[in-house]
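A.B. asks: The structure's right below; bear with me while I get my questions together.
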Amino acid sequence: ERQALELADLRRDLGVAVALTLPLVLISMGPMLLHGLGAWMHRLPPAGMWHWLELLLATPVLLWAGRRFLTQGWMELRHLAPGMNSLVAIGATAAWLYSLLVLLAPRLFPEGTANLYFEAAAVIVTLILFGRYLEALAKGRTSQAIRRLVGLQPKEARILRGEAEVAIPVQAVVPGDTVVVRPGERLPVDGIVVEGQSSVDESMISGEPV
């Protein structure tokens, strides 16, 4: 349940990040990639309005979709143990703060250096979120595979007590017990064959019918 909630949370945050980052990248990088887009954009609202729109799009990506990186990164820095979260938090926040300062006080910067990097902050968060989402998907599938394999293991083992066969939980089998395995049954535990012969498919961790 915890993994399912984490996956749903990542999916929601990733969806928001992608929905806001794509138009942000188009606004900031489009005029350099698509001929005529810059002139078309400047014929609509004033040029400064596009910069404020970049701020409007990038802020939720950083502060909401990327909140896990900010909180966990801050905890890592507090404990003097920087990691991936603190790296993402520092990089994205630096780009966002620099851009905000350029937007509010461009005259503080030398000529030619007052550039906006809101799209960089958003792209960093979105790409790392995408990686986290893929990682969570892989973990979930691995956990399901492990549970299926564990489910293949027999719950009981038949052991010899004198001349009688007694069924006990697999966890109660101890070294030295003689386990009886009949044809068609799965091997409940590892052991050494002391009597009889058969064939075993060892491709399954939990054993195959003998």
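The values are calculated or read from the model by the stated rules, or taken from the named source; none is laboratory data. Computed from a prediction, not measured in an experiment: that's the story for all the values here. Cβ atoms come from the backbone with ideal geometry, glycine included; neighbour counts cover every protein chain shown. Only protein heavy atoms, including side chains, enter the accessible area calculation; ligands, DNA and RNA are left aside. Shrake-Rupley method; radii C 1.70, N 1.55, O 1.52, S 1.80 Å.
A.B. asks: Listed residues LEU34, LEU10; which is more than 30 Å from ARG141 (Cβ to Cβ) and at pLDDT below 95? Steps first, answer last, please.
C.D. replies: On the way: LEU10 fails: more than 30 Å from ARG141 (Cβ to Cβ).
Answer to the check: LEU34.
A.B. asks: Quick check on my filter: what residues within the stretch 50-78 are touching a residue at least 12 places away in the same chain (Cβ under 8 Å), of a type in the set (A, V, I, L, M, F, W, C) and under 12 Å from ALA122 (Cβ atoms)?
C.D. replies: LEU55, LEU57, ALA58, VAL61, LEU62, TRP64, ALA65
Residues are listed down the side, and each one gets a yes or a no for (1) of a type in the set (A, V, I, L, M); (2) at pLDDT 85 or above:
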| residue | (1), (2) |
| --- | --- |
| VAL150 | yes, no |
| GLU163 | no, no |
| GLY176 | no, yes |
| SER198 | no, no |
| SER203 | no, no |
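A.B. asks: Out of curiosity, is ILE192 exposed (fewer than 13 other Cβ atoms within 10 Å of the Cβ) and either more than 23 Å from the chain's Cα centre (by Cα) or more than 30 Å from ILE90 (Cα to Cα) (or both)? Lay out the reasoning, then the answer.
C.D. replies: Details: exposed (fewer than 13 other Cβ atoms within 10 Å of the Cβ): yes; either more than 23 Å from the chain's Cα centre (by Cα) or more than 30 Å from ILE90 (Cα to Cα) (or both): yes.
Answer is yes for this residue.
A.B. asks: Quick check on my filter: what residues within the stretch 112-157 are surrounded by fewer than 16 Cβ atoms within 10 Å (Cβ to Cβ), of a type outside the set (A, V, I, L, M) and under 27 Å from LEU56 (Cβ atoms)? So that I can check it myself, show each step before the final result.
C.D. replies: Of the stretch 112-157, the ones surrounded by fewer than 16 Cβ atoms within 10 Å (Cβ to Cβ) are 112-113, 115, 127, 130-131, 134-135, 137-153, 155-156.
Filter once more, so that each one left must be of a type outside the set (A, V, I, L, M): 112-113, 115, 130-131, 135, 139-144, 147-148, 151, 153, 155-156.
Hits for the stretch 112-157 are GLY112, THR113, ASN115, PHE130, GLY131.
A.B. asks: Please find, among TRP40, TRP52, the residue that is farther than 30 Å from GLY140 by Cα, within 33 Å of the chain's Cα centre (by Cα) and modelled with pLDDT under 95. Give the derivation first.
C.D. replies: Details: TRP40 fails: within 33 Å of the chain's Cα centre (by Cα).
Answer to the selection: TRP52.
A.B. asks: So which residues in the stretch 139-163 are in a loop (DSSP other than H, G, I, E, B) and basic (Lys, Arg), if there are any at all? Before you say what the answer is, go through the steps one by one.
C.D. replies: The first filter runs over the stretch 139-163 and keeps only residues in a loop (DSSP other than H, G, I, E, B), leaving 153-155, 162-163.
Answer for the stretch 139-163, where residues must be in a loop (DSSP other than H, G, I, E, B) and basic (Lys, Arg): just LYS155.
A.B. asks: Give me a count of the residues in the stretch 136-180 that are farther than 18 Å from ILE192 by Cα and β-branched (Val, Ile, Thr).
C.D. replies: Count: 5.
A.B. asks: Continuing with this model, one more query. Could you list, ordered by first residue, the pairs with Cβ atoms under 7 Å in which the first is in the stretch 122-133 and over 8 Å from ALA17 (Cβ atoms) and the second is open to solvent by 40 Å² or more (accessible area, probe 1.4 Å), at least 6 apart or interchain?
C.D. replies: If the second residue must be open to solvent by 40 Å² or more (accessible area, probe 1.4 Å), the pairs left are VAL123/VAL25; TYR133/ARG11.
A.B. asks: If you go through the stretch 73-123 one residue at a time, how many are more than 30 Å from MET49 (Cβ to Cβ) and not in a helix (DSSP H, G or I)?
C.D. replies: Start the filter on the stretch 73-123 by keeping residues that are more than 30 Å from MET49 (Cβ to Cβ), which leaves 73-87.
Pick out the ones that are also not in a helix (DSSP H, G or I) and you get 79-83.
Result for the stretch 73-123: 5.
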